[in-house]
Amino acid sequence: MFAGRRFNYVITLCDRVREVCPEFPGHPGFLHWSIPDPAAAGGGDEDTYPAFEQMAVELETRIGFLLAAISAAPAPASLQEA
């Protein structure tokens, strides 16, 4: 599915995936955000919904900070105009 594709960043969300994450071509930046599995809260949909909401808020916050950091970083020399 992703074979042959290049990524600027690879973000893992759980510790287990971080340990088995494969190498990606082009050596992208790796980030690890250890976020608890909302399904581990147990119970039915009504019980786990708050955990999923919290995870969504956490991801939205982290993605916002990441995008701000990326946009504030200077462009690589290969992309700067001469």
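The values are calculated or read from the model by the stated rules, or taken from the named source; none is laboratory data. Since the model is a prediction, treat every value here as computed from it, not as a measurement. In this analysis, Cβ positions are derived from the backbone assuming ideal geometry, glycine residues included, and neighbour counts consider all displayed protein chains. Each accessible area value is taken on the protein alone, full model and side chains, heavy atoms only, with ligands, DNA and RNA left out. Shrake-Rupley method; radii C 1.70, N 1.55, O 1.52, S 1.80 Å.
Could you give every pair whose Cβ atoms fall below 7 Å, whose first residue belongs to region 1-26 and is among the aliphatic types (A, V, I, L, M), and whose second residue is not in a strand (DSSP E or B), counting only separations of at least 6 or pairs across chains?
Val10/Cys21; Val10/Phe24; Val10/Pro28; Ile11/Trp33; Leu13/Trp33; Leu13/Ile35
Would you please name the residue that is most open to solvent (accessible area, probe 1.4 Å), looking only at residues in region 1-18 that are under 24 Å from Phe52 (Cβ atoms) and out of contact with any Ser or Thr (no Cβ under 9 Å at 6 or more places or on another chain)?
Going through the qualifying residues, I end up with Arg16.
Just the residues that are within 12 Å of the chain's Cα centre (by Cα) and not hydroxyl-bearing (Ser, Thr, Tyr), please, taken from region 29-54.
Taking region 29-54 as the starting set, the residues that turn out to be within 12 Å of the chain's Cα centre (by Cα) are 29-35.
Scanning region 29-54 gives Gly29, Phe30, Leu31, His32, Trp33, Ile35.
Within region 19-39, work out how many residues are modelled with pLDDT under 85 and either assigned to a strand (DSSP E or B) or surrounded by 14 or more Cβ atoms within 10 Å (Cβ to Cβ) (or both).
Here the count works out to 1.
If we scan region 53-70, do we find a residue that is loosely packed, with under 10 Cβ neighbours inside 10 Å and at pLDDT below 85?
Taking every residue of region 53-70 in turn, none turns out to be loosely packed, with under 10 Cβ neighbours inside 10 Å and at pLDDT below 85.
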